[in-house]
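Structure first, commentary second.
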Ligand code: RP5
(Lines give C-alpha, C1' and ligand atoms only; values in the text may rest on other atoms or scores of the structure.)
Protein backbone atom coordinates (compact mmCIF):
# COMPACT_ATOMS: atom_id res chain seq x y z
CA UNK A 1 0.00 0.00 0.00
CA UNK A 2 1.56 3.29 -1.11
CA UNK A 3 1.15 6.30 1.16
CA UNK A 4 1.64 8.67 -1.75
CA UNK A 5 -1.02 11.36 -2.17
CA UNK A 6 0.25 12.35 -5.61
CA UNK A 7 1.54 10.13 -8.39
CA UNK A 8 4.10 11.67 -10.74
CA UNK A 9 4.70 9.72 -13.92
CA UNK A 10 6.66 10.46 -17.08
CA UNK A 11 7.20 8.79 -20.40
CA UNK A 12 10.97 8.52 -20.29
CA UNK A 13 14.05 8.97 -18.15
CA UNK A 14 14.79 11.95 -20.40
CA UNK A 15 11.79 13.79 -18.85
CA UNK A 16 13.13 13.47 -15.31
CA UNK A 17 15.08 16.73 -15.08
CA UNK A 18 11.84 18.60 -15.85
CA UNK A 19 9.43 16.43 -13.87
CA UNK A 20 11.43 16.42 -10.66
CA UNK A 21 10.43 20.08 -10.19
CA UNK A 22 6.91 18.84 -9.36
CA UNK A 23 8.35 16.48 -6.76
CA UNK A 24 10.49 19.26 -5.25
CA UNK A 25 7.46 21.49 -4.75
CA UNK A 26 5.33 18.73 -3.24
CA UNK A 27 8.14 17.86 -0.87
CA UNK A 28 8.47 21.52 0.15
CA UNK A 29 4.85 21.57 1.36
CA UNK A 30 4.92 18.11 2.92
CA UNK A 31 2.84 16.19 0.39
CA UNK A 32 3.81 12.58 -0.16
CA UNK A 33 4.38 11.46 -3.73
CA UNK A 34 5.44 8.52 -5.81
CA UNK A 35 7.54 9.16 -8.93
CA UNK A 36 7.80 6.66 -11.75
CA UNK A 37 8.72 6.25 -15.42
CA UNK A 38 5.88 4.57 -17.34
CA UNK A 39 5.49 4.96 -21.08
CA UNK A 40 2.03 4.90 -22.68
CA UNK A 41 3.64 3.67 -25.90
CA UNK A 42 6.44 1.42 -24.71
CA UNK A 43 4.78 -0.15 -21.64
CA UNK A 44 1.01 0.40 -22.00
CA UNK A 45 0.10 -2.63 -19.86
CA UNK A 46 2.21 -1.31 -16.97
CA UNK A 47 0.51 2.09 -17.29
CA UNK A 48 -2.98 0.53 -17.22
CA UNK A 49 -2.20 -1.45 -14.06
CA UNK A 50 -0.55 1.52 -12.33
CA UNK A 51 -3.39 3.96 -13.07
CA UNK A 52 -6.20 1.51 -12.31
CA UNK A 53 -4.79 0.87 -8.85
CA UNK A 54 -3.88 4.51 -8.07
CA UNK A 55 -7.09 5.42 -6.20
CA UNK A 56 -7.10 2.32 -4.00
CA UNK A 57 -3.43 2.99 -3.19
CA UNK A 58 -4.55 6.34 -1.74
CA UNK A 59 -3.62 8.76 -4.50
CA UNK A 60 -5.65 11.95 -4.91
CA UNK A 61 -4.03 13.50 -7.99
CA UNK A 62 -1.84 12.28 -10.85
CA UNK A 63 0.74 14.43 -12.62
CA UNK A 64 1.80 13.01 -15.99
CA UNK A 65 4.52 14.52 -18.16
CA UNK A 66 5.63 13.53 -21.64
CA UNK A 67 7.15 14.92 -24.80
CA UNK A 68 6.61 14.40 -28.50
CA UNK A 69 3.40 12.48 -29.28
CA UNK A 70 2.58 12.90 -25.60
CA UNK A 71 -0.21 10.41 -24.96
CA UNK A 72 0.70 9.55 -21.36
CA UNK A 73 -1.53 12.15 -19.62
CA UNK A 74 -4.52 11.48 -21.89
CA UNK A 75 -4.32 7.69 -21.59
CA UNK A 76 -3.90 8.08 -17.83
CA UNK A 77 -7.08 10.19 -17.71
CA UNK A 78 -8.86 7.52 -19.74
CA UNK A 79 -8.29 4.97 -16.97
CA UNK A 80 -9.21 7.03 -13.89
CA UNK A 81 -11.54 9.64 -12.42
CA UNK A 82 -8.72 11.08 -10.32
CA UNK A 83 -7.73 14.56 -11.54
CA UNK A 84 -4.87 14.34 -14.05
CA UNK A 85 -2.48 17.26 -14.58
CA UNK A 86 -0.52 17.10 -17.83
CA UNK A 87 2.96 18.54 -18.30
CA UNK A 88 4.02 19.02 -21.92
CA UNK A 89 7.77 18.38 -22.05
CA UNK A 90 10.02 19.81 -24.75
CA UNK A 91 11.82 16.60 -25.70
CA UNK A 92 14.94 16.15 -27.82
CA UNK A 93 12.85 15.42 -30.89
CA UNK A 94 10.35 18.17 -30.21
CA UNK A 95 8.89 20.60 -32.73
CA UNK A 96 9.49 23.52 -30.33
CA UNK A 97 7.23 21.82 -27.77
CA UNK A 98 4.08 22.24 -29.82
CA UNK A 99 3.78 18.50 -30.44
CA UNK A 100 3.50 17.73 -26.73
CA UNK A 101 1.44 20.84 -25.91
CA UNK A 102 -1.23 19.98 -28.45
CA UNK A 103 -1.19 16.25 -27.68
CA UNK A 104 -1.93 16.95 -24.02
CA UNK A 105 -4.15 20.03 -24.40
CA UNK A 106 -6.55 18.88 -27.08
CA UNK A 107 -8.30 16.10 -25.19
CA UNK A 108 -11.72 14.92 -26.38
CA UNK A 109 -14.86 15.97 -24.50
CA UNK A 110 -15.43 13.80 -21.43
CA UNK A 111 -11.77 13.08 -20.64
CA UNK A 112 -10.15 16.24 -19.26
CA UNK A 113 -6.45 16.77 -18.57
CA UNK A 114 -5.49 19.98 -16.75
CA UNK A 115 -2.60 21.09 -18.94
CA UNK A 116 0.11 23.39 -17.59
CA UNK A 117 2.61 25.37 -19.65
CA UNK A 118 5.55 23.81 -21.51
CA UNK A 119 8.03 22.24 -19.07
CA UNK A 120 6.03 23.76 -16.19
CA UNK A 121 6.26 20.80 -13.82
CA UNK A 122 6.56 23.12 -10.81
CA UNK A 123 3.14 24.56 -11.65
CA UNK A 124 1.80 21.01 -11.89
CA UNK A 125 3.11 20.41 -8.37
CA UNK A 126 1.49 23.63 -7.14
CA UNK A 127 -1.83 22.76 -8.77
CA UNK A 128 -1.75 19.25 -7.28
CA UNK A 129 -1.08 20.79 -3.86
CA UNK A 130 -3.98 23.20 -4.34
CA UNK A 131 -6.29 20.27 -5.11
CA UNK A 132 -5.08 18.44 -1.99
CA UNK A 133 -5.45 21.75 -0.10
CA UNK A 134 -9.21 21.88 -0.75
CA UNK A 135 -9.56 19.14 1.88
CA UNK A 136 -6.45 19.72 3.98
CA UNK A 137 -6.22 23.00 5.89
CA UNK A 138 -2.52 22.59 6.78
CA UNK A 139 -1.60 22.31 3.09
CA UNK A 140 -3.82 25.31 2.25
CA UNK A 141 -1.94 27.34 4.87
CA UNK A 142 1.43 26.37 3.36
CA UNK A 143 0.16 27.46 -0.05
CA UNK A 144 -0.89 30.80 1.46
CA UNK A 145 2.67 31.18 2.79
CA UNK A 146 4.05 30.36 -0.67
CA UNK A 147 1.96 33.18 -2.18
CA UNK A 148 3.21 35.61 0.48
CA UNK A 149 6.83 34.62 -0.30
CA UNK A 150 6.27 35.09 -4.05
CA UNK A 151 4.81 38.55 -3.45
CA UNK A 152 7.76 39.49 -1.23
CA UNK A 153 10.25 38.40 -3.92
CA UNK A 154 8.59 40.76 -6.40
CA UNK A 155 8.73 43.63 -3.90
CA UNK A 156 12.40 42.84 -3.12
CA UNK A 157 13.40 42.87 -6.78
CA UNK A 158 11.52 46.14 -7.36
CA UNK A 159 13.38 47.66 -4.38
CA UNK A 160 16.72 46.36 -5.73
CA UNK A 161 15.97 48.06 -9.02
CA UNK A 162 15.25 51.37 -7.27
CA UNK A 163 18.37 50.98 -5.07
CA UNK A 164 20.45 50.71 -8.26
CA UNK A 165 19.10 54.09 -9.27
CA UNK A 166 16.55 53.05 -11.86
C1 LIG B 1 8.14 10.53 -24.88
O2 LIG B 1 9.09 10.66 -25.87
C3 LIG B 1 8.84 10.82 -23.60
O4 LIG B 1 7.94 11.40 -22.70
C5 LIG B 1 9.97 11.75 -23.98
O6 LIG B 1 9.67 13.11 -23.70
C7 LIG B 1 10.09 11.57 -25.48
C8 LIG B 1 11.45 11.06 -25.88
O9 LIG B 1 11.72 9.87 -25.17
P10 LIG B 1 13.15 9.19 -25.25
O11 LIG B 1 13.34 8.79 -26.67
O12 LIG B 1 14.14 10.23 -24.78
O13 LIG B 1 13.08 8.01 -24.31
O14 LIG B 1 7.60 9.25 -24.84
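One table, with the values for the structure above:
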{"read-out": "Single residue of 152, 106 found to be surrounded by fewer than 15 Cβ atoms within 10 Å (Cβ to Cβ), within 19 Å of the chain's Cα centre (by Cα) and without any contact (Cβ under 8 Å) to a residue 12 or more places away in the chain", "value": "106"}
{"read-out": "Counted residues, region 56-76 - those being over 20 Å from residue 118 (Cβ atoms) and part of a strand (DSSP E or B)", "value": "1"}
{"read-out": "Every pair of residues 6+ apart whose Cβ atoms lie under 9 Å, when the first sits in region 35-55 and is farther than 26 Å from residue 25 by Cα and part of a helix (DSSP H, G or I) while the second is away from the ligand (no atom under 15 Å from the Cβ) and at pLDDT 95 or above", "value": "48/79"}
{"read-out": "Count of region 1-49 residues which are more than 27 Å from residue 140 (Cβ to Cβ) and buried (at least 21 other Cβ atoms within 10 Å of the Cβ)", "value": "6"}
{"read-out": "Those residues of region 77-104 which are outside any strand (DSSP E or B), within 9 Å of the ligand (Cβ to nearest atom) and at pLDDT 95 or above, in sequence order", "value": "90, 100"}
{"read-out": "Condition met for residue 74 (crowded, with 20+ Cβ neighbours inside 10 Å and either modelled with pLDDT under 95 or more than 11 Å from the ligand (Cβ to nearest atom) (or both))", "value": "yes"}
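The values are calculated or read from the model by the stated rules, or taken from the named source; none is laboratory data. Only a predicted model underlies this, so the values are computations on that prediction, with no experimental measurement involved. Here the Cβ is made from the backbone with ideal geometry for all residues, glycine too, and neighbour counts use every protein chain on show.
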